[in-house]
1. List, please: which pairs have Cβ atoms under 6 Å, are six or more places apart or on different chains, and start with a residue in the range 51-63 that is farther than 20 Å from residue 23 by Cβ and end with one that is not charged (D, E, K, R)?
2. Would you tally the residues in the range 34-57 being of a type in the set (Gly, Ala, Ser) and surrounded by 13 or more Cβ atoms within 10 Å (Cβ to Cβ)?
3. Is it true that residue 60 is surrounded by 11 or more Cβ atoms within 10 Å (Cβ to Cβ) and at pLDDT 95 or above?
4. With (1) basic (Lys, Arg); (2) modelled with pLDDT of 90 or more; (3) assigned to a loop (DSSP other than H, G, I, E, B) as the list, and residue 72 as the residue in question, which single condition is left unmet?
5. Can you tell me how many residues within the range 24-35 are under 9 Å from residue 64 (Cβ atoms) and either in a strand (DSSP E or B) or of a type in the set (A, V, I, L, M) (or both)?
6. Give the range 1-49 a look and list any residue that's modelled with pLDDT of 90 or more and over 25 Å from the mean Cα position of the chain (by Cα), or say none.
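The values are calculated or read from the model by the stated rules, or taken from the named source; none is laboratory data. Fair warning: this is a prediction, and the values are worked out from it, not measured in the lab. Here the Cβ positions follow ideal geometry from the backbone for every residue, glycine too, while neighbour counts run over all protein chains shown.
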Amino acid sequence: MGNSSWRVTEEIKSQTKVFMGLYIFDFFFLIVYIGLTYLLRNFVHQDLRIAYYIFSTIMAIFLTLPSPFNKKRRNYQSIFILLKRDNIVYKPIVVNYHRP
């Protein structure tokens, strides 16, 4: 048998980039978020609209950033998992240290 090197792919699923670090799903998420922001602008008082647009822009950027706690996920995906989880199945592990 000869010396042959095999390459093993680590990830089969790949995402399509639209612009620099912006992926296609994130792009559509931003489009929907901007659309909802535009539709809901009538519910915001006229004097607060600029603050509303600034806040919405900051939240849109935050939600599309990678999550620091959940690798390979975005912040909006981490929040969705947090809200969707079953509290009966997932319980936090509490360690109590009692020293005499």
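1. 52/44; 56/37
2. 1
3. On the way: surrounded by 11 or more Cβ atoms within 10 Å (Cβ to Cβ): yes; at pLDDT 95 or above: no.
So residue 60 fails the test.
4. Result: residue 72 passes all but (2).
5. Of the residues in the range 24-35, 1 are under 9 Å from residue 64 (Cβ atoms) and either in a strand (DSSP E or B) or of a type in the set (A, V, I, L, M) (or both).
6. 42, 43, 44, 45, 46, 47, 48, 49
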